[in-house]
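J.: Before I ask anything, let me first share the structure, which is written out below as structure tokens.
Read-outs: derived from the displayed coordinates by stated rules, not from any lab. Since we're looking at a predicted model, the values are computed, not measured. Using ideal geometry, Cβ is built from the backbone for each residue, glycine included, and neighbour counts are taken over all protein chains shown.
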Amino acid sequence: MAGSPERAAVRVPDAGSPQPARNALVPADRPDYLPRMLVSARGAARILGTVGVHREAARRLLALGFAGEPIRTSSALLYDEARVEALARWPLVTAEEARRHCSSGVFVARRDVDVREPLVDQLAGLRRDWPLAFWKPVGLTMYAERDGYYPFVATVGGFVALGANIVAADLDPSRPGHRPTRVAEPTVLTFEEAGAWFDNFRGHRFPTGPGRAWRILR
């Protein structure tokens, strides 16, 4: 609707937000010379809501760059409608698909990641403070030693922000002398850049739902 305050056609240059290596974004194709239809944050949240994304999750996705850089006006942030709609079309990964591509499973994390940041900074922010039961780091490290890595994806509202290889998992070394218990322990993950396996999950969504900060999908 042309008169709607949530939607407007504007001709703007496509500056192109920076894309860190191997991140999950799939930019919407649109020639630079064509006007772009822009939507407000509320309108973008409404589009994402049609595929079950709650308003708070939509707000975080927009703030973390999943729909690109907004156009800032004096009264609102406006997003490229085509990019928001493309985001809403990301397919859902099933457990069967995850097993087919990663037979040992996938570590699916629920943690905010700004997709506009360089990959090295993203991974640095994801290393610490994983609450894992005392035996989980041992299991992850065993898989990593056997296969060379354990697959890791970080998601925001289920949308994949990045992938990485877990090559080691250790109790937080900042707590020397700490004796592990059966409850969750703060764990540090060591990453390397994801391999070809991640191409199967780039531009997809995982069924994360509410709950703890991570799960193993297999």
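J.: Rounded to whole Hz and in sequence order, give me ³J(HN,Hα) for segment 197-211 from the Karplus expression 6.51 cos²θ - 1.76 cosθ + 1.60, θ = phi - 60°, writing x for Gly and Pro.
T.: Values per residue, Gly and Pro as x: 4, 5, 4, 6, 10, 4, x, 10, 10, 10, x, 7, x, x, x Hz.
J.: Now a separate question. For residue 88, what is the net charge nearby, where nearby means another residue's Cβ is under 13 Å from its Cβ and Lys, Arg count +1, Asp, Glu -1? Mind dumping the intermediate values first?
T.: Working: positive: 46, 83, 89, 205; negative: 80, 81, 85.
For residues surrounding residue 88, the net value is +1.
J.: Please give the Cα centre distance for segment 108-133 versus segment 59-102, rounded to the nearest Å.
T.: Between the Cα centre of segment 108-133 and that of segment 59-102, the gap is 18 Å.
J.: Ordered by packing density, taken as the mean number of other Cβ atoms within 10 Å over each peptide's residues, highest first, how do 136-143, 48-55 rank? List each step's numbers first, then the result.
T.: On the way: 136-143: 17.8, 48-55: 15.1.
Descending packing order for the listed peptides: 136-143, 48-55.
J.: Further question on the same structure: Apply 1/(1 + (r/R0)^6) to the Cβ-Cβ distance of residue 71 and residue 92, taking R0 = 25 Å, and write down the FRET efficiency to the nearest 0.05.
T.: It comes to 0.25.
J.: Show me 78-85, 95-102, 150-157 ranked by packing, highest mean number of other Cβ atoms within 10 Å first. Before the final figure, lay out each step's value.
T.: Values: 78-85: 22.2, 95-102: 14.5, 150-157: 24.5.
Descending mean neighbour count gives 150-157, 78-85, 95-102.
J.: Quick one: which residues, 5+ away or cross-chain, put their amide H under 5 Å from the amide H of residue 185? H built at 1.01 Å from N.
T.: Under 5 Å from the amide H of residue 185: 132, 133, 134.
J.: Beyond 13 Å, how much of the Cα-Cα pair distribution for segment 95-158 remains, as a whole percent?
T.: Values: 1417 of 2016 pairs.
Tail of P(r) above 13 Å: 70 percent of Cα pairs.
J.: Can I ask one more? With Cβ to Cβ distances under 12 Å as the rule, what net charge do the other residues near residue 137 carry (K, R +1; D, E -1)?
T.: On the way: positive: 136; negative: 170, 172, 185.
Charge balance in the 12 Å sphere: -2.
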